[in-house]
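Please treat every number below as a calculation from the coordinates, not as lab data. Here the structure is a predicted model, which means the values were calculated and not measured. Every residue, glycine as well, gets a Cβ built from its backbone with ideal geometry; the counts of neighbours run over all protein chains shown.
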Amino acid sequence: MTPTSTTANPALNALKDIRLPAEVGFWPPAPGILALLILSLMLIIALIVWLYLRHKRHLRQQAPAKAALQLLSQLDANDPQLMLQLSSLLKRCAISYGGREQVASLTGEDWYQYLDQALPIKMHGKFSRLLKSRYQPHSDTDTTRELLTLCQQWLQCAPSYYRKASKGAKSC
């Protein structure tokens, strides 16, 4: 006679199949993971806000030079008052960067040296022609073109120079 499962061991009949526990779900995460996610989200938000404010500050610092460059492009190179207009345009822009107390009283060589600070070293000394010919009748077209280019260069260098100067570094 062959033994069957019911006759051989009746205790085995009472056993049931092994049930596996339910799989662990993704949510809710462990407290450490949840804290890490919240911290990461806060850091990302802080980075976005910082980048936005930095960009906004950069645009605000560039605004005077951008407006002055637009005004510079509208100046007539044949105008007898061109030298006075250039100096006035640069002075208004310089006041917005350096402050009225420091810039408004500058004239002559002091004004020329102040303007030179924001330019690359190879361009230092060229503003003296602007100051010397400011109240004289209109000079030749090469000088006028060179001064317009120099003014444009200064307006492009000034925002970064004064931003870096306030932090201690000086370059265009």
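Mind giving me the FRET efficiency for R92 and I44? R0 is 41 Å, r the Cβ-Cβ distance, nearest 0.05 is fine.
Here the calculated transfer efficiency is 0.50.
In whole angstrom, and with the biggest value first, how far do the Cα coordinates of segment 1-104 range along each principal axis?
The Cα atoms of segment 1-104 stretch 129, 31, 12 Å along their principal axes.
Check the straight Cα-Cα distances from K122 and name the aspartates and glutamates below 16 Å, setting aside those fewer than 8 residues away within the same chain.
Cα-Cα hits under 16 Å: E146.
Just the projected area, averaged over all directions, of the convex hull on the alpha carbon atoms of segment 48-115: how many nm²?
5.8 nm²
About its Cα centre, how strong a charge dipole does segment 1-126 have in debye, to the nearest 20, once Lys and Arg get +1 and Asp and Glu get -1 at the Cβ?
Value, rounded to 20: 160 debye.
Which chymotrypsin sites (Phe, Trp or Tyr not before Pro) from segment 1-80 combine a DSSP loop assignment with at most 14 other Cβ atoms within 10 Å?
F26
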